[in-house]
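Beneath this line is the structure, given in structure tokens, with notes to follow.
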Amino acid sequence: MTVDPVLSQYSDMLFQGTVVVYLLAMAFYAIEYVSARSPAAAPAAEVPVAVAAVPTSGSGTADLGLVSDENADVPAPAAAAPAKPGRPRGERFGRMAVSLSVLGVLLHLGSIVLRGIAAERWPLGNMYEFTSAVCLAAVVAWLIVLQRVARRNRGVRRLGVFVLAPVLTLMVLAGTVLYAQAAPVVPALQSYWLVIHVTTVTLATGLFIVPGVASILYLMKRSGKPARFAAKLPAADTLDRLAYRTTVVGFPMYTFAVIAGAIWAEAAWGRFWGWDPKETVAFVAWVIYAAYLHARATAGWRHVGAAWINILGLSAVIFNLFFINMVVAGLHSYAGLG
């Protein structure tokens, strides 16, 4: 198995371009967020009232709604049609941010595909590739959520700055600390289970970033602090529903990933479960997300309590992704894989 250095270099260049595009998109989302008016500060819309001269009777009393015979053939002045307002500056930047996000996804996907072609394998063989793919899954999940929700609530689009912030943090970390040259994987990873298990873990982890961010913002909206920041966020119920519905999609993927990992462990190590640190924390994260879905339907927990559980679940996934892979010794440490 050989590695194509030219394609590998192109992959790295696309990755760097993706970071730049995501950074611009985040800046434009931020401009839209800053430019938005909080509901309390938005002035009431002025309704223009057409005022026409109404002749009065001799006694000086106005004949409301009536026109005297002497003026019957004189057309009443038509009210001027209000000028169609242009798009606010913030909305224009928000639309550009979405377009840049789509462009970034295309560049990002190209980077991952070229990486796989260059190494002649599935491009999820080390922490750099895994983290990059997690970020791609997060941005794609965000765009899908945006497409489904933005028509009913345009304010949701402003959340893009908060979704891209952790994505960019992870990508910078992947491109610096976690970067690895394209190379063949170790023999233990040369299995079709790499495609099944690691891909589903990647998709689920990326999906969980979106509801985790939504739950954090939900708590800030509920508390109203900081006041000027929280006032521009969408309604708390909107954030809560966004977090719940996205987690509902990600949880079955994560469940399948855990089951697939156990099957792969049996094929590779002769046992389905060995309480390896990676397996243990993955199971803990699964329990936390199951508890979140249960709490979301339980009186007294469905709001603030459930949001804290969701944030705890994302923390467990991130902890498993980095600390367990890079610090704790275990059967998964040799590859640095999720």
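Cβ-Cβ contacts under 8 Å between residues 6 or more apart (or on different chains), taken from a first residue in region 282-305 that is charged (D, E, K, R) to a second residue that is crowded, with 16+ Cβ neighbours inside 10 Å and part of a helix (DSSP H, G or I), are listed as R296/Y244; R296/A306; R302/A295.
So that you can scan it fast, the table gives a plain yes or no per residue for (1) modelled with pLDDT of 90 or more; (2) part of a helix (DSSP H, G or I); (3) hydroxyl-bearing (S, T, Y):
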| residue | (1), (2), (3) |
| --- | --- |
| K221 | yes, yes, no |
| K225 | no, no, no |
| T246 | yes, yes, yes |
| G250 | yes, yes, no |
| T255 | yes, yes, yes |
| I259 | yes, yes, no |
| A262 | no, yes, no |
| E266 | no, yes, no |
| W273 | no, no, no |
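For region 241-253, give me each residue that is of a type outside the set (A, V, I, L, M), under 17 Å from the mean Cα position of the chain (by Cα) and surrounded by fewer than 23 Cβ atoms within 10 Å (Cβ to Cβ). Within region 241-253, R241, Y244, R245, F251 qualify.
In region 85-129, what residues are surrounded by 15 or more Cβ atoms within 10 Å (Cβ to Cβ), under 30 Å from V186 (Cα atoms) and under 18 Å from the mean Cα position of the chain (by Cα)? Result: V105, L107, H108, L109.
Could you grab me the full set of residues in region 250-277 that are within 23 Å of L314 (Cβ to Cβ) and in contact with a helix residue (DSSP H, G or I) (Cβ under 6 Å, 6 or more places away or on another chain)? Once the filter is applied, which keeps residues that are within 23 Å of L314 (Cβ to Cβ) and in contact with a helix residue (DSSP H, G or I) (Cβ under 6 Å, 6 or more places away or on another chain), region 250-277 yields G250, F251, M253, Y254, F256, A257, V258, A260, G261, P277. Restricting region 114-144 to residues that are assigned to a helix (DSSP H, G or I) and without any contact (Cβ under 8 Å) to a residue 12 or more places away in the chain, the residue that is farthest from R245 (Cα to Cα) is G116. Looking at this structure, is A180 in contact (Cβ under 8 Å) with a residue 60 or more places away in the chain and hydrophobic (A, V, I, L, M, F, W, C)? No: the conditions fail for A180.
Residue count for region 154-172, restricted to those that are over 15 Å from V140 (Cα atoms), surrounded by fewer than 19 Cβ atoms within 10 Å (Cβ to Cβ) and at pLDDT 90 or above: 2.
Among the residues of region 173-191, which ones are within 29 Å of the chain's Cα centre (by Cα) and either buried (at least 19 other Cβ atoms within 10 Å of the Cβ) or of a type in the set (D, E, K, R) (or both)? Of everything in region 173-191, those that are within 29 Å of the chain's Cα centre (by Cα) and either buried (at least 19 other Cβ atoms within 10 Å of the Cβ) or of a type in the set (D, E, K, R) (or both) turn out to be A174, L178, A182. Apart from one condition, W273 fits all of (1) buried (at least 20 other Cβ atoms within 10 Å of the Cβ); (2) free of Cβ contacts under 8 Å to residues at least 40 places away in the same chain; (3) not acidic (D, E); the exception is (1). Can you say whether T202 is buried (at least 19 other Cβ atoms within 10 Å of the Cβ), among the polar types (S, T, N, Q) and part of a helix (DSSP H, G or I), as far as the supplied structure shows? Yes: the conditions hold for T202. State yes or no: is A236 surrounded by fewer than 18 Cβ atoms within 10 Å (Cβ to Cβ) and more than 29 Å from Y128 (Cβ to Cβ)? Judged against the criteria, A236 is not a match.
In the set (1) within 20 Å of the chain's Cα centre (by Cα); (2) small (G, A, S); (3) farther than 15 Å from E129 by Cα, G224 fails one condition alone, (1).
The values are calculated or read from the model by the stated rules, or taken from the named source; none is laboratory data. Keep in mind that this is a model prediction, so the values were computed, not measured. As a convention, Cβ positions derive from the backbone with ideal geometry for all residues, glycine included, and neighbour counts pool all protein chains shown.
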